Amino acid sequence: MKLHVHRLRIDLHLHTHYSEDGRTTLEEAIQYAKEKQLDGIAITDHDTVQGALKLTKRKDLIVVPGIEVSSRHGHILGLNITEPIHPKLDITETVEKIRSLGGVAVIAHPSVAIKTGMGTTIPSGLGIDAVEVINASAFPFSLSTYLSRRLAQRLRLPETAGSDSHYPLEIGSAYTIIDADSNRDDIMEAIRKGKTEPAGKPISWTRRLERGSQNIRKWLGGH
Ligand SMILES: [Zn+2]
Ligand SMILES: [Zn+2]
């Protein structure tokens, strides 16, 4: 008899207004994820778990608490993390810390030049659990996806995807299809074992332009 597995669609990289540059409220994160028919989201704010912790008891959507750590060597996603991890540690220390807390360590947007990417020269043997191969906010998208996938293949690591959304409309533009039961432990185990399939598209040009103008308004002190 074939064992039943769910193909869960989870956006594994999402920011809320608990990130300095995030505009999505916690309620909007839930609401838009449901509208996009996702099974779940990971809340991965920059260097804080404050927002994520407020959503872990939700029953209407899978919410994986997480963090995007600004390590000295780039951004690292810690999934299944419920306490803050010090930024500015090196990659090995950051990965070790995530794993010692029971989390899954994912290299975020490794090849994005204009963001804080880790670079595609990462050696193997650092204890990294997975590589974010599709990041909907990455630019240039196709090149970034290609280089990230090559890194994942070279390191023989599972591949994930996430929107890296900072605004509600971007939620779910990329997501990871995970073969797991809908509980957090099973999902983490499935990611570690590579039962994942990255999916998604880049965020639209209209969204990018809107993001740009919102940032300019912010710099000018408006809203
Ligand atoms: Zn990042
Ligand atoms: Zn991010």
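For the reader, a short list of remarks on this structure follows.
- On the stretch given as segment 50-70, residues that are open to solvent by less than 10 Å² (accessible area, probe 1.4 Å) and within 16 Å of K97 (Cα to Cα) total 5.
- Meets criteria (hydroxyl-bearing (S, T, Y), open to solvent by 30 Å² or more (accessible area, probe 1.4 Å) and modelled with pLDDT of 95 or more) for Y175: yes
- For segment 99-115, a residue qualifies if it is surrounded by 15 or more Cβ atoms within 10 Å (Cβ to Cβ) and either touching a residue at least 40 places away in the same chain (Cβ under 8 Å) or under 20 Å from T196 (Cα atoms) (or both), and the qualifying residues are R99, G103, V104, A105, V106, I107, A108, H109, P110, S111, K115.
- Selection within segment 179-215 - assigned to a loop (DSSP other than H, G, I, E, B) and of a type in the set (G, A, S): A180, S182, G194, S204
- Cβ-Cβ under 7 Å pairs, at least 6 apart or on other chains, segment 156-168 side more than 14 Å from L12 (Cβ to Cβ), far side within 15 Å of ligand 1 (Cβ to nearest atom) and open to solvent by 10 Å² or more (accessible area, probe 1.4 Å): H166/D21; Y167/R211
- Residue in segment 64-73 that is farther than 22 Å from S148 by Cβ and touching a residue at least 24 places away in the same chain (Cβ under 8 Å) present: no
- When G125 is tested against (1) in contact with a Pro (Cβ under 9 Å, 6 or more places away or on another chain); (2) modelled with pLDDT under 95, exactly one condition is not met: (1).
- Residue list for segment 142-165, filter: surrounded by fewer than 24 Cβ atoms within 10 Å (Cβ to Cβ) and either within 15 Å of ligand 1 (Cβ to nearest atom) or closer than 13 Å to G74 by Cβ (or both): L151
- Residue list for segment 60-76, restricted to those being away from ligand 2 (no atom under 16 Å from the Cβ) and not acidic (D, E): L61, I62, V63, R72
- Matching option when the condition is farther than 21 Å from A180 by Cβ, modelled with pLDDT of 95 or more and within 14 Å of ligand 2 (Cβ to nearest atom), among D47, D21, D11: D47
The values are calculated or read from the model by the stated rules, or taken from the named source; none is laboratory data. As the structure is a computational prediction, the values presented were derived from the model and not from experiment. A quick note on method: Cβ atoms are made from the backbone with ideal geometry, for glycine too, and the neighbour counts reach across all protein chains shown. Note: areas computed on protein heavy atoms with side chains; ligands, DNA, RNA excluded. Shrake-Rupley method; radii C 1.70, N 1.55, O 1.52, S 1.80 Å.
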